[in-house]
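Undergrad: The structure follows.
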Amino acid sequence: MPTHVHPANIESGKPGSPLQRRANLYGVLADSARLAVTDVLRTGDASPSELGRLLGMRSNLIAYHLRVLEEAEVITRVRSEADSRRVYIRLRPEALTALAPGPLLHAPRVVFVCTHNMARSQLAAALWENRSPVPAASAGTRPGPGVHEGALAAARGHGLCLESRTTAHVDDVLRQDDLVVAVCDSAHEELPPARDRLHWSIPDPIRTATRTAFEDTFDRLRGRVERLALAVRHEESG
């Protein structure tokens with residue numbers, strides 16, 4: 001008579017098995033400080049110093065916890081596109097697929113900001129409107145003349161329309177209670193410091209202006225929007 005063995009029992013003793021990787025992940029996140037770091041990074045990127053300020057941790061302690069998380073392949077480091085001396089910490093989304101976060105944020109509106117408001121912030125707002133009931137807008141710190149043709153084409157290719165959208169300056173768009181998401185390093189570094197602003201380190205597709213660059217940007221933003229939409233609930237403006 002054949003014996004049926006649960007697959008988890010077969011794999012449990014094998015290094016590198018999915019079960020072992022999950023066990024390692026839970027071991028790493030059993031520390032409350034490292035769990036707090038991942039909670040911050042779940043909705044946006046942050047520099048080590050920003051994490052230290054947000055969580056009230058000394059720089060040497062943050063460095064230690066980031067090293068542990070990096071060795072466990074929970075996070076990765078990326079250089080700022082605006083200032084290569086700066087490093088941002090990014091959560092690897094695939095590392096936390098076993099964890100199901102509940103709503104973390106409440107906002108009357110989400111505003112996506114990049115430098116010129118010609119591509120990344122426009123695509124992010126369009127993706128958000130297709131995914132969440134929370135209202136959205138976009139703006140730029142130095143807005144350009146109009147939405148880039150590459151962004152228009154990328155949106156059309158995925159069933160979204162940007163043709164009617166115009167560019168705008170952050171000063172003309174932002175309200176006090178908006179949830180602001182800076183989708184580029186330059187905008188994040190130009191805007192005044194704010195504890196509740198989120199940052200996504202997304203490269204500028206206009207630099208190369210290739211179809212591949214815009215498609216890659218769209219895919220990066222889509223994943224970020226999907227995760228953030230799960231964490232934000234609508235709250236009427238006060």
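Undergrad: Write out, first by first residue and then by second, each pair whose Cβ atoms fall under 7 Å of each other, whose residues are 6+ apart or on separate chains, and whose first residue, in region 142-153, is assigned by TED's automatic domain parsing to the domain that holds P205 and without any contact (Cβ under 8 Å) to a residue 24 or more places away in the chain while the second is hydrophobic (A, V, I, L, M, F, W, C) and surrounded by 14 or more Cβ atoms within 10 Å (Cβ to Cβ).
TA: Correct list of pairs: L152/L162.
Residue by residue, here is whether (1) more than 15 Å from the chain's Cα centre (by Cα); (2) closer than 30 Å to L191 by Cα; (3) at pLDDT 95 or above holds:
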site: H4; (1), (2), (3): yes, no, no
site: L25; (1), (2), (3): yes, no, no
site: L54; (1), (2), (3): yes, yes, no
site: R58; (1), (2), (3): yes, yes, yes
site: L61; (1), (2), (3): yes, yes, yes
site: A72; (1), (2), (3): yes, no, no
site: L91; (1), (2), (3): no, yes, no
site: A98; (1), (2), (3): yes, no, no
site: R109; (1), (2), (3): yes, yes, yes
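Undergrad: While we're looking at this one, here's another question. I'm trying to understand the selection: among the residues of region 137-170, which are farther than 18 Å from T208 by Cα and in contact with an Asp or Glu (Cβ under 7 Å, 6 or more places away or on another chain)?
TA: Correct list: T141 only.
Undergrad: While we're on this one: What pairs come out if I take residues in region 164-183 that are buried (at least 16 other Cβ atoms within 10 Å of the Cβ) and of a type in the set (A, V, I, L, M) and pair them with residues that are outside any strand (DSSP E or B) and at pLDDT below 95 whose C-beta lies under 6 Å away, six or more apart or interchain?
TA: Filtered contacts from region 164-183: V180/R197.
Undergrad: Restricting to region 184-217, name every residue that is closer than 14 Å to L123 by Cα and surrounded by 18 or more Cβ atoms within 10 Å (Cβ to Cβ).
TA: C184, W200, I202, D204, P205, I206, A213, F214, T217
Undergrad: Also, quick follow-up: Only residues that are charged (D, E, K, R) and in contact (Cβ under 8 Å) with a residue 60 or more places away in the chain: list them for region 198-233, please.
TA: Within region 198-233, D204, R211, E215, R222, R224, E226, R227, R233 meet the criteria.
Undergrad: May I pose another question? Check T141, T166 and return the single one that is in contact with a Ser or Thr (Cβ under 7 Å, 6 or more places away or on another chain), modelled with pLDDT of 95 or more and not acidic (D, E).
TA: Unique residue meeting the criteria: T141.
Undergrad: In addition: Please verify whether region 168-175 includes one or more residues that are closer than 26 Å to R85 by Cβ and assigned by TED's automatic domain parsing to the domain that holds D219.
TA: Looking for residues that are closer than 26 Å to R85 by Cβ and assigned by TED's automatic domain parsing to the domain that holds D219, one finds at least one in region 168-175, hence yes.
Undergrad: Could you go through region 35-46 and let me know if any residue there is polar (S, T, N, Q), in a helix (DSSP H, G or I) and at pLDDT below 95.
TA: Looking for residues that are polar (S, T, N, Q), in a helix (DSSP H, G or I) and at pLDDT below 95, one finds at least one in region 35-46, hence yes.
The values are calculated or read from the model by the stated rules, or taken from the named source; none is laboratory data. In this text, all values refer to a predicted model and were calculated from it rather than measured experimentally. All Cβ positions, even for glycine, are placed from backbone atoms using ideal geometry, and neighbour counts span all protein chains on display.
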